[in-house]
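Asker: Handing you a structure now.
The values are calculated or read from the model by the stated rules, or taken from the named source; none is laboratory data. Just so we're clear, the structure is a prediction, and the values are computed from it rather than from any experiment. The accessibility values were calculated without ligands, DNA or RNA, using every heavy atom of the protein model including side chains. Shrake-Rupley method; radii C 1.70, N 1.55, O 1.52, S 1.80 Å.
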Amino acid sequence: MRNHLSELDRLSEQIELIGQQWKLPERSVLQINLVLDELFTNTVNYGFDDDLEHTIDISLGYDGQRMQITIIDDGNPFDINQAEDPDLNIPLDQKDVGGLGILLVRQFVDEISYARDKNKNIIMLTKHIL
Amino acid sequence: MKIGKREEKGIVILQPAGRLDSNTALVLEQEINSVGAGNDGHHLLVDFSNVEYISSAGLRVVLKVVKDRQTSPKSFAVSNMQDHVREVFEISGFDAFITIYPDAMQAVASFA
């Protein structure tokens, strides 16, 4: 994927196709779509300080029970596991939606690991498909 | 994103269709902003029946309209959420400060 939000449509089309090929439940397809959308959008919005084109690699594997997802980008270092969950109980007028994307990612996958290798962020996600 | 718009008993009902993500959220935000919230404005209902997907970018739009209308004479509600969309709302704690009506009729009645 290129680092443009307009790629989100292509992302969701690809996930739909994969979901059909692998006969995944519709609910899982929507959840995987949301997880990748949030991470992709974060990287596009905050990952790069230049105006150059970057590639964000997303790959998925499935063994019939577990989905393995890998996302690789060459943006600024961002360790998702260090990000704090937002406080959902703060009063409405002080609320913003910062961090909600990460909260949703955590909700819909079972394992998240992060590595920085040379100049790349590598996020690996595992999701059990029920 | 296509957004249907109609008026019922002085209430503006917006009916967005499709995916509400960082690509499309702005379209809904602009449509919402075009509905006045002052004394000469309208109550606003967003009917989610044709929204199949929402991301945090869509939640941001909803939070903004809730905040904008918090002290305004014209209120705001949502209705008809598909299961997945409702789940995203609930996980994000949005059901604590916004009432999700099962259908547009009940939402319209709530404004009375």
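Asker: Can you give the % of DSSP beta bridges in chain B that are antiparallel, to the nearest 5?
Answerer: 35 percent
Asker: Could I ask something else about it? Which far-off residues, 5 or more places away or on another chain, put their amide H under 5 Å from the one on B:Y53, with H placed in the peptide plane?
Answerer: Amide H neighbours of B:Y53: B:L20.
Asker: What percentages make up the Cα-Cα pair-distance distribution of the protein assembly as shown when the bins are 5 Å wide from 0?
Answerer: Histogramming the protein assembly as shown at 5 Å steps yields 1, 6, 13, 17, 18, 15, 12, 9, 5, 3, 1, 0, 0 percent.
Asker: Could you pull out every whole DSSP H run in chain B that spans at least 24 Å of Cα extent along its own axis and averages -1.0 or higher on the Kyte-Doolittle scale? It would help to have the intermediate numbers written out before the result.
Answerer: Values: long enough: none.
Helices meeting the span and hydropathy rule in chain B: none at all.
Asker: Given a 1.4 Å probe, show me the residues in region A:1-31 buried by at least 50 Å² of accessible surface when comparing the whole protein assembly to the chain alone.
Answerer: Going by heavy-atom accessible area, the residues of region A:1-31 that drop by at least 50 Å² are A:L30.
Asker: Among B:D40, B:D83, B:D68, which one shows the biggest mean-square fluctuation in a GNM of chain B, springs joining Cα atoms closer than 10 Å?
Answerer: Among B:D40, B:D83, B:D68, the largest GNM mean-square fluctuation belongs to B:D40.
Asker: First compute the accessible area of the protein assembly as shown with a 1.4 Å probe, then give the percent of it belonging to carbon and sulfur atoms.
Answerer: Working: 5580 of 12050 Å².
Accessible surface attributable to carbon and sulfur in the protein assembly as shown totals 46 percent.
Asker: State the three equivalent ellipsoid semi-axes of chain B, derived from the C-alpha gyration tensor as the square roots of 5 times its eigenvalues, in descending order and whole Å. Mind dumping the intermediate values first?
Answerer: Values: eigenvalues 78, 44, 39 Å².
With the √(5λ) rule applied to chain B, the semi-axes are 20, 15, 14 Å.
Asker: Which helices, taking whole DSSP H runs in chain A, have alpha carbons extending 27 angstrom or more along the helix axis plus mean Kyte-Doolittle at least -1.0? Intermediate results must be reported in sequence, preceding the final value.
Answerer: Numbers: long enough: A:26-46 (30 Å, 0.12).
Qualifying helices: A:26-46.
Asker: Please give the contour-minus-distance gain from A:D57 to A:L17: 0.36 nm per residue of separation, less the Cα-Cα distance, rounded to one decimal in nm. Could the numbers behind the result be given before it?
Answerer: Values: separation 40, 0.36 × 40 = 14.40 nm, distance 1.73 nm.
Going from the current span to full extension adds 12.7 nm.
Asker: Turning to a different aspect of this structure: Roughly what % antiparallel, to the nearest 5, for the DSSP beta bridges in the protein assembly as shown? Don't jump to the answer; show the numbers that get you there.
Answerer: Values: 29 of 42 bridges.
Among the beta bridges of the protein assembly as shown, antiparallel pairing accounts for roughly 70 percent.
Asker: Rounded to the nearest 100 Å², what's the accessible area chains A and B bury against each other, both chains counted, probe 1.4 Å? Display every interim value, and only then the final one.
Answerer: Values: alone 8160 and 5940 Å², together 12050 Å².
Protein heavy atoms only, the A-B interface buries about 2000 Å².
Asker: At a cut-off of 20 Å², which residues of region B:46-64 become less accessible once all protein chains are present than in their chain alone, using a 1.4 Å probe?
Answerer: By number: B:Y53, B:S55, B:S56, B:R60, B:L63.
Asker: May I pose another question? In whole Hz, what ³J(HN,Hα) sequence does region A:73-85 give by Karplus (6.51, -1.76, 1.60; θ = phi - 60°), x for Gly and Pro?
Answerer: 9, 10, x, 4, x, 8, 8, 4, 6, 8, 6, 7, 6
Asker: Further question on the same structure: Given a cut-off of under 8 Å on Cα pairs at least six residues apart, what relative contact order in percent is computed for region A:19-127?
Answerer: On the way: 141 pairs, mean separation 31.4, N = 109.
With pairs under 8 Å counted, the relative contact order is 29 percent.
Asker: Quick query: amide H of A:R66 versus all other amide H atoms, modeled in the peptide plane; which residues come in under 5 Å with a sequence gap of 5 or more or a different chain?
Answerer: A:I129
Asker: Top mean-square fluctuation among A:T70, A:T55, A:T43, Gaussian network model of chain A, C-alpha springs under 10 Å?
Answerer: Ranking A:T70, A:T55, A:T43 by mean-square fluctuation puts A:T55 first.
Asker: Using the heavy atoms of the protein chains alone and a 1.4 angstrom probe, what is the accessible area of region B:1-68 per residue in square angstrom?
Answerer: Values: 2830 Å² over 68 residues.
On a per-residue basis, region B:1-68 sits at 42 Å².
Asker: Also, quick follow-up: Sort out for me the Cα centre separation of region A:71-114 from region B:12-50, rounded to whole Å.
Answerer: Value for the Cα centre distance between the two parts: 26 Å.
Asker: Leaving out ligands, DNA and RNA but keeping every protein chain, what accessible area does B:K64 have, in Å² rounded to the nearest 10, with a 1.4 Å probe?
Answerer: Here the accessible area works out near 70 Å².
Asker: With every protein chain left in place, what is the accessible area per residue of region A:5-128 in square angstrom, probe 1.4 Å?
Answerer: On the way: 6730 Å² over 124 residues.
Ligands and nucleic acids excluded, the figure is 54 Å² per residue.
Asker: Specify whether the C-alpha gyration tensor of region A:5-128 places it in the rounded, prolate or oblate class, a ≥ b ≥ c being the square roots of the eigenvalues: rounded for a/c under 1.5, otherwise prolate if a/b is larger than b/c and oblate if not.
Answerer: Working: a/c = 1.57, a/b = 1.18, b/c = 1.34.
Oblate.
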